[in-house]
Structure formats: structure tokens, C-alpha cells
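Asks: Structure in C-alpha cells, see below.
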Ligand code: NAD
């Protein structure tokens, strides 16, 4: 398979879709690579590293894409980039939360097959391709570091000659991939951690990480298709908020990660809840891009509301580009192996359950939503 790796163009995006280590591995299976010069540099991979891994490094996107059967990206390409893509090629990329509709005319015109990597089904067989999980793992970890850096307290208990410092208290809302990683990271840094999720399975996972469980009873009915949470009704959400209200003033920082696929994120902390937190408390709202779990969160911004610092980072995994790229790259490797024919070509089988879930377009034709 002729595979191209291009430089990411979204502002602040430092990841790269394929790292040299993966290029070398796939190269051993006979796949050939063209890499745009500088594509990996912000993720710690130099042109020389790619060359050593067996790739051809070329200047500019157009040269990298020339003759490619498959090209890999982290973030959705611009229209201009799509226009430069080889007709009939396959693009493996995240598509993002914004509507893909503006891309459709160019995808059709260039007969491009767009594999939207966020749509990897949450099944065991596809786990190695799951970019949402790999990037959420990094984001959950980094969210705790952002909170720790903002907080006017240390996280661990410290017993010193100058007295004993109590450990910081963390509350993690939503215990999926990012939330569980946030719980584990906060615990490692010595904080006392509590978690909450609507799903009963998540409750067990919160407890198994040594955190306590707060809020209303988690329920088996809260889980819908694919292991995701179902959307709660307004009444259920009001109950959740009321139950969480008692916990908020007792915590120094809050990491919010609750999401429902295809929906606005549920509001779990309203203005009153935020005001009940002590001044200097910190909120990191990882759901900011889909509307936020906390009233007043602004995507990509740091705001202070009632004395509480509220961060709404977007694409947080991009701020840990080396390891985020390494994991993303292994996801893309698994996808390439899934798509490769015995002869080394690319086969897009719309009947295959994993491939069909990913198809945003097949040779330019839209294939419907997730
Ligand atoms: P997500 O990002 O969609 O949501 C994050 C968390 O928010 C979830 O745990 C969800 O239950 C929770 N949530 C939603 N609404 C809430 C509310 N009102 N209040 C509190 N919490 C709320 O989820 P995710 O991290 O992508 O994981 C979703 C599920 O998929 C999990 O069960 C996870 O274990 C599973 N998973 C399976 C695989 C696999 O088998 N391949 C891979 C990854 C994840």
C-alpha cells in the first residue's frame, strides 16, 4: 500500500498520524511511505527518523500525496487539502465534532473514501484501532495536570516540620476512558478522589481504582448501545445535579468528562453548583467542545466564575503530542492491517462491520451518520 503522512494544519495541532516506529513496522509488511517534510517534528519525530524507518521524505503536501492510496491524518483536512488528494484515495482521519457536510462536495468530486476514525465500534476486535480511547486516555491524564497547575494547593498529603498539609480532593464526573484515567492520575499524585457516572459498570470501575463513588445511584438501565450512556431526561439531570450539589463544596478540583454520543454534553454543574465551590477551586471541563458539563465553560478558554477557575480545553491530547501520536499511530497501524489485502493493496469492504462503521464516504458517496 502506498501511504502518505502529511503535516497537520489545524492551529495548535502538534500530533502526527503515523510515527517512524509504525512506519518501520508497516514497512516490513511491504507498505511504502511518503512523508511530508516536518510532519512529525512537533511530535518529536524528525525527517531523518522517518528516513531511517524507510520512508521517503518530500517537501510539501502535494508531493507527499502524489500516488498515495491511503493517507493518514489526525484532524480533518481543509477543503484545499482535500482538493490536493489523489482521486479515489482513502483518507483515515478524525472528522471532529463539527458537521462534515461542507466537505461532502469535494469528497464526491475527488471520489474520496473518508474513514472517520472516531466511529470505530466499541468492540473488542476493534479496540486496537480506537482513537477515541487512545486520545481520551491522554486527555484524562493531562486534565489532572492542568488542574494541579492552577490549584493553590499541593495534591498529596505532606507531613513536614512546618506542619501537615491535607491532600487535595478531586471529583471526577463521567468515568469512561478519560474519567478513569483522570481518577488514576489524581490518585497517583496523592489526591483523595471521588467519581460519578450514570452507568452501573462505571461505578465498579471507579471503586476498583480506589476512589469513592458520589452522587445518585448508578443504574444498569443508564447504559445504551455500544456501552455508551443514554441521554438523561431533564428530570433525571435535575436529580443528578441536586445529588452532586452536596459534594461540590467539599472538593478542590473537578474534572468533567461526561458525554453522550451525538448529543450536547449534559450539564451536571449549574451556576449555583459552581458558586457553592470554594474560591480558588478549579474545574477542567473536557466536554467543552460539545457544550460542557459545567455552566459557563467556554471551549478553549480559561474563565473565572464565582471565584472558580473553569478551563475548557479542546483537543487536549494535542498538548501531549509524543505519546498521543504514538498511540494514534498504533491505532492507524491496526486499521491499515485490517484494510490490507494479501497483495498489499487497500480493500474497502462496506460489508465488514468495522470498515462500514467508519465510512463517512465511499468513493465520494455519503454513507450516513454513526
Ligand atoms: P464517553 O466519552 O461517551 O462518555 C464519558 C462518560 O460519561 C461515560 O462513562 C458515560 O457513561 C458518562 N456519562 C454520560 N452521561 C452522563 C451523565 N449524565 N452523568 C454522569 N456521567 C455521564 O464514553 P467513553 O469514555 O468513550 O466510553 C464509553 C463506554 O465505552 C465505556 O463503557 C467504555 O468502557 C466503553 N469502551 C469500550 C471499548 C471497547 O470495548 N473497545 C473501548 C473504549 C470504551
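Asks: Going by what's in this entry, would residue 74 be described as under 19 Å from the mean Cα position of the chain (by Cα), in contact (Cβ under 8 Å) with a residue 40 or more places away in the chain, under 30 Å from residue 262 (Cβ atoms) and surrounded by 17 or more Cβ atoms within 10 Å (Cβ to Cβ)?
Replies: So residue 74 passes the test.
Asks: Those residues that are touching a strand residue (DSSP E or B) at 6+ places or on another chain (Cβ under 8 Å) and either away from the ligand (no atom under 16 Å from the Cβ) or within 19 Å of residue 217 (Cβ to Cβ) (or both), I need them from the stretch 164-175; list them, please.
Replies: Answer for the stretch 164-175, where residues must be touching a strand residue (DSSP E or B) at 6+ places or on another chain (Cβ under 8 Å) and either away from the ligand (no atom under 16 Å from the Cβ) or within 19 Å of residue 217 (Cβ to Cβ) (or both): 164, 165, 167, 168, 169, 171, 172, 173, 174, 175.
Asks: On to the next question. Among 257, 297, 212, which is more than 14 Å from the ligand (Cβ to nearest atom) and touching a helix residue (DSSP H, G or I) at 6+ places or on another chain (Cβ under 6 Å)?
Replies: Sole residue among the options that is more than 14 Å from the ligand (Cβ to nearest atom) and touching a helix residue (DSSP H, G or I) at 6+ places or on another chain (Cβ under 6 Å): 297.
Asks: Let me ask you something else. Checking residue 127 against (1) more than 16 Å from the ligand (Cβ to nearest atom); (2) out of contact with any strand residue (DSSP E or B) (no Cβ under 6 Å at 6 or more places or on another chain); (3) at negative phi; (4) modelled with pLDDT of 95 or more, only one condition comes out false. Which one?
Replies: (1)
Asks: When the residues of the stretch 139-163 are narrowed to those that are without any contact (Cβ under 8 Å) to a residue 40 or more places away in the chain and in contact with a strand residue (DSSP E or B) (Cβ under 7 Å, 6 or more places away or on another chain), which ends up nearest to residue 288 (Cα to Cα)?
Replies: Only one residue fits best here, namely 154.
Asks: Cβ-Cβ distance below 7 Å, separation of 6 or more or different chains: which pairs start in the stretch 198-209 with a residue that is away from the ligand (no atom under 11 Å from the Cβ) and end on one that is part of a strand (DSSP E or B)?
Replies: 207/213
The values are calculated or read from the model by the stated rules, or taken from the named source; none is laboratory data. Everything quoted here is computed from the prediction, not taken from an experiment. Cβ atoms come from the backbone with ideal geometry, glycine included; neighbour counts cover every protein chain shown.
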